[in-house]
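A quick write-up on the structure given underneath.
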Amino acid sequence: MEETQSLSIQCWGTRGSIPTPGPATARYGGNTSCVEVLAGGERIILDAGTGIRLLGEKLKQDDTAADVSLFLSHFHWDHVQGFPFFAPGCDRDSAIRIISPSPEGTDAESIFRAQMDPAHFPIPYDALSAGIIFHELSADGWEGENTRLTAMRVRHASNTVGYRVEAFDHSVVFVPDNELIGGDYPTPEKWMDQMVAFASGADLLIHDAMFTAEEYRSREGWGHSTFSQAFDLAEKAGVRGLQFFHHSPHRSDSDLDRIVQHFREQAGARGLSLKVQAATEGVRLNLG
Ligand SMILES: [Zn+2]
Ligand SMILES: [Zn+2]
């Protein structure tokens with residue numbers, strides 16, 4: 001593995017709620033939430049949606065055992081259901097650290113065991129042979145070999161966080177599920193100011209943009225944002241790049257093309273240098 005001082009990301013799953021394979025979603029991708037961050041030789045995985053399966057296949061082809069830190073935003077199934085299919089889990093030489101906010105009324109390991117209960121899955125959790133260690137996210141965040149991660153509670157059902165990953169003077173902010181405006185959540189009054197500060201100046205903001213403004217009217221309180229709310233956050237936070245994420249299962253590739261084009265024009269009209277994209281499965285992006 002090369003040890004260059006670079007930070008790059010690759011989306012392995014961009015979809016929200018449920019995997020959505022098929023010709024209409026082939027370009028932006030049908031797998032659920034999973035993003036790989038490479039900082040020099042350090043590998044971080046954000047969320048374990050169905051996209052993590054293909055990442056595991058890639059890691060299996062490497063000569064060396066996997067050594068990864070897996071950060072979970074929360075435990076809704078579109079963010080964890082790929083884990084039983086993550087090949088390094090069955091490699092006794094692999095090390096997997098699972099870091100998450102603490103779920104209400106239970107713990108992370110119990111949730112991972114439950115999704116491999118015989119009622120749901122044929123192979124039990126105890127058959128996994130990798131060294132798997134669960135860590136509860138601390139208020140101080142997490143220091144990796146080259147990285148520093150901080151987390152922020154966001155507006156979504158259950159204890160859900162977004163992450164900011166910093167390495168080599170670059171940064172990516174990952175907020176897969178977040179209702180920026182509307183709904184009712186136990187977040188402080190100045191939460192939006194905190195959110196803007198959390199994303200401030202990032203090279204890339206990957207943010208929930210599940211709904212159009214029209215769709216949102218009948219979906220307030222479902223825990224997700226609109227494209228224009230994510231765009232406004234990106235503008236306020238002065239980020240360099242925005243990737244719309246957690247694509248609705250109903251959203252086709254051509255819908256996303258049209259929406260991205262609209263917001264690129266908006267960025268131009270507002271005189272912003274903001275680069276707008278829709279998160280795309282399989283594309284690696286170098287942040288510096
Ligand atoms: Zn989700
Ligand atoms: Zn969720």
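Mind listing whichever residues of segment 23-49 are closer than 19 Å to Ile96 by Cα, assigned to a strand (DSSP E or B) and either modelled with pLDDT under 95 or within 16 Å of ligand 2 (Cβ to nearest atom) (or both)?
Answer for segment 23-49, where residues must be closer than 19 Å to Ile96 by Cα, assigned to a strand (DSSP E or B) and either modelled with pLDDT under 95 or within 16 Å of ligand 2 (Cβ to nearest atom) (or both): Cys34, Val35, Leu46.
Considering every residue within segment 74-88, establish whether at least one is open to solvent by 60 Å² or more (accessible area, probe 1.4 Å), within 23 Å of Leu149 (Cβ to Cβ), within 16 Å of ligand 2 (Cβ to nearest atom) and at pLDDT 95 or above. It would help to see each step written out before you state the result.
Within segment 74-88, the subset open to solvent by 60 Å² or more (accessible area, probe 1.4 Å) is 76-77, 85.
The next check asks that each one be within 23 Å of Leu149 (Cβ to Cβ); those that pass are 76.
With the extra rule that they be within 16 Å of ligand 2 (Cβ to nearest atom), the set shrinks to 76.
Keeping just the survivors that are at pLDDT 95 or above gives 76.
Yes, that holds for at least one residue.
When you scan segment 1-22, do you find a residue that is aromatic (Phe, Trp, Tyr) and within 16 Å of ligand 2 (Cβ to nearest atom), even just one?
Our first condition is that a residue be aromatic (Phe, Trp, Tyr); within segment 1-22, this holds for 12.
Within this subset, residues satisfying the condition of being within 16 Å of ligand 2 (Cβ to nearest atom) are none.
Within segment 1-22, not a single residue is aromatic (Phe, Trp, Tyr) and within 16 Å of ligand 2 (Cβ to nearest atom).
Candidates are the residues of segment 228-247 that are of a type in the set (Gly, Ala, Ser) and open to solvent by 30 Å² or more (accessible area, probe 1.4 Å); the one that is farthest from Ala278 (Cα to Cα) is Gly238.
Looking at Ser248, Ser252, just one residue is among the polar types (S, T, N, Q), within 16 Å of ligand 2 (Cβ to nearest atom) and modelled with pLDDT of 95 or more, and that residue is Ser248.
Of the residues in segment 123-134, none is modelled with pLDDT of 95 or more, away from ligand 1 (no atom under 16 Å from the Cβ), closer than 21 Å to Pro19 by Cβ and within 22 Å of the chain's Cα centre (by Cα). Inside segment 165-190, residues that are surrounded by fewer than 21 Cβ atoms within 10 Å (Cβ to Cβ) and away from ligand 1 (no atom under 16 Å from the Cβ) make up a count of 12.
When you go through Val154, Val165, Val175, Val161 one by one, which is the residue that is touching a strand residue (DSSP E or B) at 6+ places or on another chain (Cβ under 7 Å), β-branched (Val, Ile, Thr), closer than 15 Å to Val37 by Cα and within 12 Å of ligand 2 (Cβ to nearest atom)? Steps first, please.
Details: Val154 fails: closer than 15 Å to Val37 by Cα; Val165 fails: within 12 Å of ligand 2 (Cβ to nearest atom); Val161 fails: closer than 15 Å to Val37 by Cα.
Every option except Val175 fails the conditions.
Can you pull out the residues in segment 191-227 that are of a type outside the set (Phe, Trp, Tyr), outside any loop (DSSP other than H, G, I, E, B) and open to solvent by 10 Å² or more (accessible area, probe 1.4 Å)? It would help to see each step written out before you state the result.
If we filter segment 191-227 for residues that are of a type outside the set (Phe, Trp, Tyr), which is where we start, we get 192-197, 199-210, 212-215, 217-221, 223-226.
After this cut, where a residue has to be outside any loop (DSSP other than H, G, I, E, B) as well, the list is 192-197, 199, 204-208, 213-215, 226.
Once the filter is applied, which keeps residues that are of a type outside the set (Phe, Trp, Tyr), outside any loop (DSSP other than H, G, I, E, B) and open to solvent by 10 Å² or more (accessible area, probe 1.4 Å), segment 191-227 yields Met192, Asp193, Gln194, Val196, Ala197, Ala213, Glu214, Glu215.
Looking at the structure I just gave you, is Asp184 over 19 Å from Gly49 (Cα atoms) and not in a loop (DSSP other than H, G, I, E, B)? Judged against the criteria, Asp184 is not a match. Of all residues in segment 102-114, none satisfies being over 24 Å from Leu204 (Cα atoms), among the aliphatic types (A, V, I, L, M), more than 15 Å from ligand 2 (Cβ to nearest atom) and outside any helix (DSSP H, G or I). Evaluating Met152 against the criteria (1) of a type outside the set (Asp, Glu); (2) open to solvent by less than 50 Å² (accessible area, probe 1.4 Å); (3) under 25 Å from Pro88 (Cβ atoms) leaves one unmet condition, (3). Please name all residue pairs, on different chains or six or more residues apart, with Cβ atoms under 9 Å, provided the first residue is in segment 6-22 and is closer than 19 Å to His250 by Cα and among the basic types (Lys, Arg) and the second residue is more than 13 Å from ligand 1 (Cβ to nearest atom) and open to solvent by 20 Å² or more (accessible area, probe 1.4 Å). Matching pairs, first to second residue: Arg15/Tyr28; Arg15/Glu281.
The values are calculated or read from the model by the stated rules, or taken from the named source; none is laboratory data. Small disclaimer: the values here were computed from a predicted structure and weren't measured. Backbone-built Cβ (ideal geometry, glycine too); neighbour counts: all protein chains shown. Each accessible area value is taken on the protein alone, full model and side chains, heavy atoms only, with ligands, DNA and RNA left out. Shrake-Rupley method; radii C 1.70, N 1.55, O 1.52, S 1.80 Å.
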